Amino acid sequence: MGAPRRRVRGAESDILMDTTNLPIPIGTTVMIEHAGETMEEMYVNMGPQHPSTHGVLRLLLKLDGEVITDCIPYIGYLHRCHEKIAENRTYPQVVPYTDRLDYLASMSMNFGYVLTVERLMGQQVPARAEHMRVILAELQRIASHLLWLGTFGLDLGNFTIFIYCFREREMILDLFEAVSGQRLNYSFYRIGGMAFDFPDGWLDNCRAFLEWFKPRIPEYDALVTDNILFQKRIQGIGVIDAKSAVDWGLSGPMLRASGLKWDLRRNDPYSIYDRFDFAIPVFDTCDVWARFLVRRQEMLESVKIIEQALDQLPSGEITAKMPKTIKPPAGQVYVRTESPRGELGFYLVSDGTPKPYRYKVRSPAFCNLSALPVMMKGCLVADSVAILGSIDIVLGEIDR
Amino acid sequence: MITFAELCEQMYAVTSAWGLPWLVPTLVVMGVVVGVIIAYISVASMFMIWWERKISAHIQVRFGPMRVGGWHGWAQSIADGIKLLLKEDIIPARADKVVFVLAPMVVFAAALAGYVTIPWAPGLIVKDLNIGLLYMVAISSLTVVGIIMAGWSSNNKYATLGAMRSAAQAVSYEVPLVLSLLGPVMLAGTMSMGQLVEAQGGTWFGFLPRWFVFPQVVAFLVYFTCALAECNRLPFDIPEAESELVAGFHVEYSGMRFAIFFLAEYANMFAVAAIATTIFLGGWRGPWLPIPGLPAEVARGLFGLVWFQVKCYFLIFVMMWLRWTLNRMRVDQLMDFAWKVLLPIAFANLIVTGLVLALWK
């Protein structure tokens, strides 16, 4: 639904969309009977250019005054044939494309992809590389959650938390820059290992950051978590119960905020996550407030994982012995990892050539976004941005 | 001591002695007064915009404007003003042109008209109406008419939503606002702004200044909360909630028309701070020293002028501080808060004040 393919002519609006199975005819005025009077129904186009849609998402809101009676998300504005491109590239060449999936968590995307190819090949990775992967992925989780917290604050009108979160995220980006030379699209994971080792002094910098970061969470609490206005704003809205959450295929913090203790790092351990001791925050109020608390807690848990990984970090090789051309044996594999947004799945079919035969991404944000209309119905316009913000969407991943 | 009104009287007498009709000096006085007030509003607003950017920056571990003008970017607002002046003036094709053009003027005029009864210093007041407070509250609530005009004429759904929210908000918050002001009015027994300040002379128990904020602290808090809502400031800025309504009622405005909305917002901020200062914080009252070479009256007036500004800008600082700390409220919470919390408190305060006054005297 809603892939922009053709321009609708003769209609009042010139919005790109497929109108074949649209519940509401776009551009036509819908008249309804209300209290004995005929009146026009109000549709508001939220996005694709809107400050709170976190990218080029378009929401069509059907309003009754301030109350949202229907909400239809339209996606596809950032579609770039990610999966098709991958079929025409060799396996290592796909890694930079995965950066662009969830551009706020490139490390996690790289992680998921290289893990998939490695499992297809039956490849083992040196212990040091595994630890590096976990450290970087968890730093990335903190960075991603920080950006989420900041923009969520913006959605609710709190600018200050945004800047505070960006201050800390900036430090993580500096760490990533020192490692990979990049600040956003790292392409740092390689099939069979890592691109480079940590530079000199990086581990100390990383520990210094963790020490700096831990007291910051109480600082955020003072600003937002303990603020009664903030709590009242997000409690009890965007409710989705555990059963619906499973039915809609939600994952990650969304699922954990609905009371289900489901974290792939624990439930389907990959890499070396089974070696670390960390808690899985679960809240069962199923609302935006629960999602907020889950992500807040997850940042602290990530710090714990990084500290353990830094302590255990072995020395040695960072790349396994790999063939010149990566040609996985014919077969198929589906590998799921816990990205900051939820279950990130890569499905690869190999026909024994250097290029994947079929490549499919199961994007967590896409599945999470699909439940938006359920959560939105009956809410106020002001809630819509809070609910949308609580999903933590990244359009690069949704549209692929 | 000579007051502004007396000065005008003398001028009228002189000109009528020259044989000029009464209208001429009146127009001259009006022109000068309006010019001075507009100049003051412009400069003060530009200062407040720069100041707010600085305050927000320091709250958010930033520097804010640092380049324009040299010292801490002091000329940033001037540069922004020039930029807005030079921008293209866009009127949307399907907007209601007349109303669209009038709306910023109405908003600004309403903000400006409130300045008539602000007692800047002893005797320095444009017109000390005997219903000054009522006039000021009434005229400042006209702002919402302009906002509705802007929202409606833009022919934009976001603007319309913003305007509707603004109407609901203004109507709701006017009620507790006026009720909270009645407490001090009962204490002073007057609605004239000048006499309200006069009534706050002396001290409570010999050490506390006799400001109405001390007996009427509840009223002060209710008033300040409502004033924030009146100015559409966070946490009550839902008419222009940029994360939901993009910019609310002024989403279609650009260039100078937008600048006028902006100016009016800051002018309103100063106006509500001035009311609070006059009614609750003793107006221009404060310690003063004789300045050598100046008559005591003038020295006292100058100190009064400064004290009034200091108190006003302190309140404005608090407003900015709140804005950069709190998040926005939701529409229904906003209404609940006005009708279910503020209104009963304001009524209770009014009743208690009345009872105390009746039993004491």
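The values are calculated or read from the model by the stated rules, or taken from the named source; none is laboratory data. Since the structure is predicted, the reported quantities are computational estimates derived from the model, not experimental observations. With ideal geometry, Cβ positions are generated from the backbone for all residues, glycine too; neighbour counts draw on all protein chains shown. Keep in mind that these areas ignore ligands, DNA and RNA; they rest on the heavy atoms of the full protein, side chains included. Shrake-Rupley method; radii C 1.70, N 1.55, O 1.52, S 1.80 Å.
Overview of values
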read-out: Where a residue in the stretch B:135-147 is open to solvent by 30 Å² or more (accessible area, probe 1.4 Å) and its partner, wherever it lies, is outside any helix (DSSP H, G or I), with Cβ under 8 Å and at least six apart; value: B:Y135/B:L129
read-out: Unmet criterion (only one of (1) under 24 Å from A:I217 (Cβ atoms); (2) surrounded by fewer than 18 Cβ atoms within 10 Å (Cβ to Cβ)) for A:K324; value: (1)
read-out: Helices (runs of 4 or more DSSP H) fully within the stretch A:138-257 counting 2 or more residues that are among the aliphatic types (A, V, I, L, M), open to solvent by 20 Å² or more (accessible area, probe 1.4 Å) and more than 14 Å from chain B (Cβ to nearest Cβ); value: A:202-213, A:242-247
read-out: Sole residue being in contact with a Cys (Cβ under 9 Å, 6 or more places away or on another chain) and over 25 Å from A:L156 (Cα atoms), chosen from B:A271, B:A267, B:A199, B:A219; value: B:A271
read-out: Spans of strands (runs of 3 or more DSSP E) in the stretch A:292-396 with at least 2 residues touching a Lys or Arg at 6+ places or on another chain (Cβ under 8 Å) and aliphatic (A, V, I, L, M); value: A:331-339, A:342-350
read-out: Test: A:H54 is farther than 18 Å from B:K157 by Cα, within 14 Å of chain B (Cβ to nearest Cβ) and modelled with pLDDT of 50 or more; value: yes
read-out: A:Y189 being out of contact with any helix residue (DSSP H, G or I) (no Cβ under 6 Å at 6 or more places or on another chain), touching a residue at least 40 places away in the same chain (Cβ under 8 Å) and not acidic (D, E); value: no
read-out: Selection from the stretch B:54-104 of residues that are open to solvent by 90 Å² or more (accessible area, probe 1.4 Å), under 26 Å from B:T143 (Cβ atoms) and within 14 Å of chain A (Cβ to nearest Cβ); value: B:R94
read-out: Boolean, B:A229 is within 14 Å of chain A (Cβ to nearest Cβ), of a type in the set (A, V, I, L, M) and touching a residue at least 12 places away in the same chain (Cβ under 8 Å); value: yes
read-out: Flag if A:R119 is within 16 Å of A:V335 (Cβ to Cβ) and either within 14 Å of chain B (Cβ to nearest Cβ) or part of a helix (DSSP H, G or I) (or both); value: yes
read-out: Checklist (1) within 30 Å of B:W324 (Cβ to Cβ); (2) away from chain A (no Cβ under 14 Å); (3) assigned to a helix (DSSP H, G or I); (4) at pLDDT below 85 applied to B:Q195, failing item; value: (1)
read-out: Some residue of the stretch B:204-211 being within 22 Å of the chain's Cα centre (by Cα), of a type in the set (A, V, I, L, M, F, W, C) and open to solvent by 30 Å² or more (accessible area, probe 1.4 Å); value: yes
read-out: Hits in the stretch B:321-347 (condition: away from chain A (no Cβ under 12 Å) and touching a Ser or Thr at 6+ places or on another chain (Cβ under 7 Å)); value: B:A338, B:W339, B:L342, B:A346
